[in-house]
Amino acid sequence: MDPIAPIHSEDGPQAPLPVGSNALEQAVLSRLDDDKAQDIVLIDLKGKSPMADTMIIASGRSHRHVGALADHLQRTLKEQGLGKVKVSGLPHCDWVLLDAGDVIVHLFRPEVRAFYNIEKIWSVDSGHRVDARA
């Protein structure tokens, strides 16, 4: 599996769910897709980091959208049996981090995501994004 897999962008789905994704990852990706999150990216951290197995990054259109995405994900993670998930950044909703143990989710406003560009940290090159129109 590609360590950084674009799942969905503003132009629509780019790739099916990665092979081997577990129920928790699928629940998060499905919730983000249902809530119209933009530019969803899954990064496989297995063997690269002891902090988690998977990192999922997505954008919301505004502060309110990012806040709603985070709220809905908290509910979804609770339904998955994780109880209270560690959440940071909710008051401002520029960058919200949800730590569900094996899965870490970063939710950004587009400008903040472009500024920090955390996907680049986990890739050798920045060519991991696929243009859906290509």
- Item | Residues located in the range 42-91, provided they are assigned to a strand (DSSP E or B), of a type in the set (Val, Ile, Thr) and either under 19 Å from residue 22 (Cα atoms) or modelled with pLDDT under 90 (or both) | 43, 54, 56, 57
- Message: Just to verify a result, which residue in the range 57-90, among those that are polar (S, T, N, Q) and touching a residue at least 24 places away in the same chain (Cβ under 8 Å), is surrounded by the fewest Cβ atoms within 10 Å (Cβ to Cβ)?
- Response: 62
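When the range 92-117 is examined, which residues are found to be open to solvent by 30 Å² or more (accessible area, probe 1.4 Å) and within 10 Å of the chain's Cα centre (by Cα)?
Keep residues of the range 92-117 that are open to solvent by 30 Å² or more (accessible area, probe 1.4 Å), which gives 92, 94-95, 97, 99, 101-102, 109-111, 114-117.
Selection gives 97 alone.
The values are calculated or read from the model by the stated rules, or taken from the named source; none is laboratory data. The shown structure was predicted, so the numbers you read here are calculated from the model rather than taken from an experiment. Glycine gets a Cβ as well: all are built from the backbone with ideal geometry, and neighbour counts include every protein chain shown. Surface accessibility is based on the protein's heavy atoms, side chains included, excluding ligands, DNA and RNA. Shrake-Rupley method; radii C 1.70, N 1.55, O 1.52, S 1.80 Å.
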